[in-house]
1. Counting just the residues of the range 29-73 that are free of Cβ contacts under 8 Å to residues at least 12 places away in the same chain and farther than 22 Å from Phe85 by Cβ, which one comes out surrounded by the most Cβ atoms within 10 Å (Cβ to Cβ)?
2. Which numbered condition trips up Glu19, out of (1) in a loop (DSSP other than H, G, I, E, B); (2) of a type in the set (Asp, Glu); (3) over 30 Å from Leu152 (Cβ atoms)?
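No value in this document is a laboratory result; all are computed from the given coordinates. All figures in this text were calculated on a predicted structure; none of them were measured in a lab. When we count neighbours, we look across all protein chains shown, and the Cβ atoms used for this are built from the backbone with ideal geometry, even at glycine.
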Amino acid sequence: MSGYFIDLKDLTLEKLTFEALFEPGIVDFGAENIRQIGDLDWAASAERAGVEIRITGRLDTTVELACSRCLEPARIHVSKPFDLFFRERDEVMFDEDEEVALADKDTRTAFFTGTKLAISDILREQILLAIPMKVLCAVDCKGLCPTCGTNLNSGSCSCRAQDFSPHMDSLLEIKRRLEKRSS
């Protein structure tokens with residue numbers, strides 16, 4: 001491994017192992033709404049598995065995003081193992097003018113070109129996949145007033161409560177159940 005890349009030319013029959021701590025800023029998340037706020041502790045090993053490269057490892061970090069309800073910072077701890085397969089991109093398989101049916105085993109494999117894999121790209125993808133779709137600062141976050149925008153976690157506002165149609169009660173109950181399930 002050179003820098004933050006796995007050089008596939010060095011990957012023969014033996015397994016390569018590596019680990020490091022990445023300070024915030026090394027992994028580029030490509031979005032302003034996610035920020036790494038703790039060290040990214042990771043370890044991985046790479047080995048040949050037939051025509052594929054298998055990379056297994058684990059990562060542990062904390063990221064900060066805006067709460068989906070109140071927009072205040074919400075911290076998410078991400079700690080997960082990963083087991084990934086990579087294969088060199090086959091130009092015949094990826095002819096843009098032709099549709100190709102992939103077998104189940106092909107959907108678990110990522111494709112690459114060149115002779116190097118960037119560890120930071122792998123870690124970024126795994127962190128983004130681990131973040132919940134609806135990030136909350138607290139399970140019971142009250143969110144913002146839909147009329148004036150006041151953060152209802154830090155106080156109340158003088159806006160009149162919205163009147164809902166009685167037909168909405170069953171939809172609100174379903175929404176509450178889904179929110180409890182996703183928290």
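1. Looking only at the range 29-73, we keep the residues that are free of Cβ contacts under 8 Å to residues at least 12 places away in the same chain, and these are 31-32, 50.
Adding the requirement that they be farther than 22 Å from Phe85 by Cβ leaves 31-32.
On the way: Ala31: 9, Glu32: 7.
Result: Ala31.
2. (1)
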